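Working notes, beginning with the structure itself.
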Amino acid sequence: MKQILMTGVGSYLPETILTNNDLSQFVDTNDSWIKQRTGIESRRKAKPEELTSDLAVRAAEKALHSAGLAANDIDCIIVATTTPDCTFPATATIVQNKLGAFNAFAFDVQAVCAGFVYALSVANGLMSSGQGKNTLVIGAETFTKLLDWSDRSTCVLFGDGAGAVVLQAEESEDGYGIIANTLHSDGRYKDILYVDGGVSSTGSIGHVRMQGRDVFKHAVEKLAAAMDEVLSIAELTADDIDWLVPHQANVRIINAMQKKLNLADEKVIKTVSTHANTSAASIPLALAAGVEAGKIKPGHLLALEAIGGGLSWGACLVRFGRPG
Ligand code: UT7
């Protein structure tokens, strides 16, 4: 049986840093509210000419390098994004062209902040059925371009960035690679987190709108249930987790998950303070930060989870790297 191994990871953050104090210059907010309620201290912002595909390519190049692969070794590219370069073609095909990965088929996945766990699950399914031996899964966002900068309840929460992983289908020791995943959606909650625009509705891009308190409650409850589910599928317990690599929306949500799983601080990757919520990019950005810091090592069991607009949510267990 082939395993779907995670053999490379990379990330990219735009250069411009916006601190909480920077935001308080033009919207009625302050550093202490943002820090206390969210854990966010700063976020990155892409330049107007910097596109989601540009961020994605930078992250993908690093992931390819860390896996020891070249662009033409890749046969599938999946980009999870809510902020595509254009309505079509898929940002993944633009990334393919910029990378020169012409042996790949490429498409986007849209599940907002849950996009990366959705894309991992889609890749796992395709690769397990023989489509794609070497797949790039990328989460990339220029989310600041979707923000209403006069709405303090949303504009302080988000940032830009990209993260990428290389997945490889290989005969391997059991228990490595993607071990279990679960996906859920509940469209009844569309109105608590959405964008008030779109091609077939307003014809304009629109801005993010959120009822934060409601989303918060759903996040804590649904992510906990999803994590129980993947642990049960894999016949593992929370004690087996080496690293929780959660979606980075709010440190209070992350802390609630950490408490539920009874994990020590040393077992949770937290990047929300300097990345803010980068939507589909947040998990691979956190993953890359964990690997670069020498925390996440081959053989470690990673628990990934995310929730976002839809509502859509999911969780995934991955044993990182290759055996040996
Ligand atoms: O990635 C997708 C998933 N998204 C999430 O997981 C986000 C989940 N939600 C959250 O993270 C939190 O609900 C927020 C951070 C968005 C908000 O925190 P909260 O503790 O739920 O605050 P709240 O919305 O209940 O607002 C409390 C107060 C309000 O004032 P009043 O009505 O009590 O007078 C807000 O107007 O804080 C006020 N407020 C602000 N004050 C200063 C809201 N935004 C700001 C702000 N600066 N930026």
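What follows draws every value from the coordinates through simple rules; no lab data is involved. All of these numbers come straight from a predicted model, not from anything done at the bench. Reconstructed Cβ throughout: ideal geometry from the backbone, glycine too, with neighbour counts over all protein chains shown.
Rounded to the nearest 20, the Cβ-based charge dipole of the stretch 22-109 about its Cα centre (Lys and Arg +1, Asp and Glu -1) stands at 200 debye. Here the stretch 2-171 is treated with +1 on each Lys and Arg Cβ and -1 on each Asp and Glu Cβ, and its dipole about the Cα centre works out to around 180 debye.
The aspartates and glutamates within cross-link reach of K190, meaning a Cα-to-Cα straight distance under 16 Å and a gap of 8 or more places when in the same chain, are D214. Give me the distance between the Cα centres of the stretch 271-291 and the stretch 130-202, rounded to whole Å. What the calculation gives is 12 Å, centre to centre.
What the phi angles of the stretch 157-168 give under the Karplus curve with 6.51, -1.76 and 1.60, with θ = phi - 60°, is a coupling list of 8, 10, x, 10, x, 8, x, 9, 10, 9, 10, 10 Hz, glycine and proline written as x. In plain terms, the chain from D239 to F26 could stretch by 72.1 nm, reckoned as 0.36 nm per residue minus the Cα-Cα distance. Between S129 and K297, the contour length at 0.36 nm per residue exceeds the alpha carbon distance by 57.7 nm. Across the options L55, G198, L126, the greatest Cα extent toward the positive end of the charge dipole of the stretch 55-203 (unit charges at beta carbon of Lys, Arg, Asp, Glu) belongs to G198. The aspartates and glutamates whose alpha-carbon is closer than 13 Å to the alpha-carbon of K133, local same-chain residues fewer than 8 away aside, are D73, D75, E170, E171. Computed about its Cα centre, the charge dipole of the chain is approximately 400 debye, with only Lys, Arg, Asp and Glu carrying charge at their Cβ.
Of K260/K297; K47/K222; K217/K267; K222/K270, which pairs sit farther than 31 Å apart, going by alpha carbon to alpha carbon? Over 31 Å apart, Cα to Cα: K47/K222. Convex hull volume of the Cα atoms of the stretch 177-319, normalised per residue: 118 Å³. Gain on full extension, evaluated as 0.36 nm per residue between F107 and M1 minus their Cα-Cα distance, stands at 35.5 nm.
Evaluate E = 1/(1 + (r/R0)^6) for R188 and E229, where r is the Cβ-Cβ distance and R0 equals 25 Å; express this FRET efficiency to the nearest 0.05. E between R188 and E229, to the nearest 0.05, is 0.80. Of the GluC sites (Glu not before Pro) found in the stretch 1-56, those that fall in a DSSP loop while having at most 14 other beta-carbon atoms within 10 Å are E15, E49. Ranking A46, T82, L23 by Cα position along the charge dipole of the chain, where only Lys, Arg, Asp and Glu carry charges on their C-beta atoms, puts L23 farthest toward the positive end. Ordering of 60-73, 259-272 by packing is 60-73, 259-272, highest average first (other Cβ atoms within 10 Å, averaged per residue). How many angstrom lie between the C-alpha centres of the stretch 12-79 and the stretch 233-251? Between the Cα centre of the stretch 12-79 and that of the stretch 233-251, the gap is 23 Å. Sequence-distant contacts, meaning Cα pairs under 8 Å at least 6 residues apart, place the relative contact order of the chain at 26 percent.
Helix-only arithmetic for the chain: the sum of -39500 (n - 2.57) across DSSP H runs with n ≥ 4, divided by the residue total, places the mean residue ellipticity at 222 nm at -9500 deg cm²/dmol.
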